[in-house]
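Colleague: I have a structure I would like to understand better, so I am pasting it below and will then ask my questions one at a time.
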Amino acid sequence: MAERLFESPAYPTVPAGDALYPVHRIFCVGRNYAEHAAEMGVEVDREAPFYFMKDAQSLVPSGATTPYPPGTENYHYEMEFVVAIGAPAFNASADQAKAAIWGYGCGLDMTRRDLQQVARNKQRPWDLGKNVEASAVMTALVPAAELGEIGPQRIWLSVNGETKQDAHLSDLVWSPVELIQHLSRFYHLAPGDLIATGTPAGVGAVKAGDVIRGGIDGLPEIELTLGEPE
Ligand code: MN
């Protein structure tokens with residue numbers, strides 16, 4: 001059997017109770033809160049959700065300090081409700097989609113907004129803006145049953161103690177179950193897949209030295225400190 005030329009990295013993990021949840025893929029939903037879509041100068045498309053992806057290797061744990069990334073002068077925070085898949089789902093019904101959810105966590109979808117907007121305006125893919133090294137920040141996961149029905153929970157984010165984003169999960173255009181039903185028409189969803197469900201209004205830029213905190217009722221709070229560029 002041929003030898004591997006180099007060691008391949010293991011899947012990164014996030015804490016999940018007493019265990020670790022290995023992360024395989026990170027699906028991210030675009031424009032899933034109407035007020036955020038409006039601040040980006042677009043309307044929500046109720047016909048179908050759309051997605052982009054981040055490499056699992058871009059995951060960093062809540063509490064980390066990450067360097068201000070290269071190639072941007074407009075690095076933005078996006079606070080997000082994240083769904084962790086715990087069972088296979090393909091062409092899932094609503095009941096199957098619900099049963100496929102292991103749990104939930106808080107995430108930050110850190111974004112090179114200037115590069116995303118250039119790409120958007122030129123109708124190019126968003127990878128340079130979105131699939132940024134160390135841009136997928138995650139808390140520990142909480143089992144689905146502990147959070148209960150999705151809707152009344154407040155979702156918020158602050159920068160250096162000043163509140164920037166403040167909404168509720170009932171503001172989501174597409175619910176977790178609807179997203180899993182839709183995504184599972186295109187992918188064989190499996191344990192290890194995270195779905196970051198989009199960000200509320202109030203996104204903005206951060207700079208080196210800023211401390212970002214966020215929370216969703218019933219989930220652990222998230223924190224990220226921006227370091228100097230490398
Ligand atoms: Mn996002």
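Readers should treat all values here as calculations from the given coordinates under stated rules, not as data from a laboratory. Treat the numbers as computed from the prediction; the structure is a model and nothing was measured. Neighbour counts are summed over all protein chains in view; Cβ atoms, including those assigned to glycine, are modelled from backbone coordinates with ideal geometry.
Colleague: Once the range 93-230 is represented by equal point scatterers at the alpha-carbon sites, with solvent omitted, what log10 I(q)/I(0) does the Debye formula produce at q = 0.11, 0.14, 0.15, 0.21 Å⁻¹?
Modeller: Log-scaled intensity ratios, in q order: -0.46, -0.76, -0.87, -1.45.
Colleague: Are there any trypsin sites (Lys or Arg not before Pro) in the range 1-98 that are in a DSSP loop and have at most 11 other Cβ atoms within 10 Å? List them by number.
Modeller: Those that pass, being in a loop and sparsely packed, are ARG4, ARG46.
Colleague: Here is a follow-up. Report the one residue of GLN116, ALA134, THR163 whose Cα lies farthest in the direction of the positive end of the charge dipole of the range 114-170 (charges on C-beta: Lys and Arg +1, Asp and Glu -1; origin at the Cα centre).
Modeller: It is GLN116.
Colleague: A further question follows. Which value does Rg/Rh take for the range 1-135 over its C-alpha atoms, Rh per Kirkwood?
Modeller: 0.99
Colleague: If you average the alpha carbon positions of the range 203-230 and of the range 128-162, how far apart do those two centres end up, in angstrom?
Modeller: Here the answer is 11 Å between Cα centres.
Colleague: Which GluC sites (Glu not before Pro) in the range 136-184 sit in a loop by DSSP (not H, G, I, E or B) and have at most 16 other Cβ atoms within 10 Å of their own Cβ?
Modeller: GLU149
Colleague: By what distance, in whole Å, do the Cα atoms of the chain stretch along each of the three principal axes, largest value first?
Modeller: Here the Cα extents, ordered largest to smallest, are 51, 42, 38 Å.
Colleague: Hey, another quick one. Arrange the following residues from fewest to most other Cβ atoms within 10 Å of their Cβ: VAL203, VAL23, VAL82.
Modeller: The order, fewest Cβ neighbours first, is VAL203, VAL23, VAL82.
Colleague: Once fully extended, how much extra length lies between GLN117 and VAL211, figured as 0.36 nm per residue of separation less the alpha-carbon to alpha-carbon distance?
Modeller: Full extension from GLN117 to VAL211 adds 31.4 nm.
Colleague: Still on this structure, I have one more. Restricting things to alpha carbons, find the Rg to Rh ratio for the range 109-177 using the Kirkwood radius for Rh.
Modeller: 1.05
Colleague: So how much slack lies between GLU230 and ASP171, counting 0.36 nm per residue of separation and subtracting their Cα-Cα distance, in nm? Intermediate values should be presented prior to the final figure.
Modeller: Numbers: separation 59, 0.36 × 59 = 21.24 nm, distance 3.74 nm.
Length gained, GLU230 through ASP171: 17.5 nm.
Colleague: Quick check for me: using +1 on Lys/Arg Cβ and -1 on Asp/Glu Cβ, what's the dipole size of the range 86-230 about its Cα centre, in debye to the nearest 20? If you can, show how the numbers build up before the last one.
Modeller: On the way: 12 positive and 18 negative charges, 115 e Å.
Once rounded to the nearest 20, the dipole reads 560 debye.
Colleague: Another one. Along the Cα-to-Cβ line of ARG154, 7 Å from the Cα, sits a label point; which residues in the range 203-230 have backbone N less than 19 Å from it?
Modeller: 203, 212-223
Colleague: Next question. Express the relative contact order of the chain as a whole percentage, based on alpha carbon pairs under 8 Å and six or more residues apart in sequence.
Modeller: Once divided by the residue count of the chain, the mean separation gives 31 percent.
Colleague: Quick one: go through the range 183-219 and flag any residue whose amide nitrogen is under 20 Å from the point 7 Å out along the Cα-to-Cβ line of ASN91.
Modeller: Label zone hits: 183-191.
Colleague: Which lysines have a Cα lying under 23 Å from the Cα of LYS164, excluding residues fewer than 8 positions away in the same chain?
Modeller: Counting by Cα, and skipping residues close in sequence, LYS164 has these lysines nearby: LYS130, LYS207.
Colleague: Same structure again: Among the aspartates and glutamates, which have Cα under 15 Å from the Cα of LYS54 when same-chain residues fewer than 8 positions away are ignored?
Modeller: By straight Cα distance, LYS54 reaches GLU78, GLU80, ASP109, ASP127, GLU133, ASP193.
Colleague: Sort MET40, MET1 so the one with the fewest other Cβ atoms within 10 Å of its own Cβ comes first.
Modeller: Lowest to highest Cβ neighbour count: MET1, MET40.
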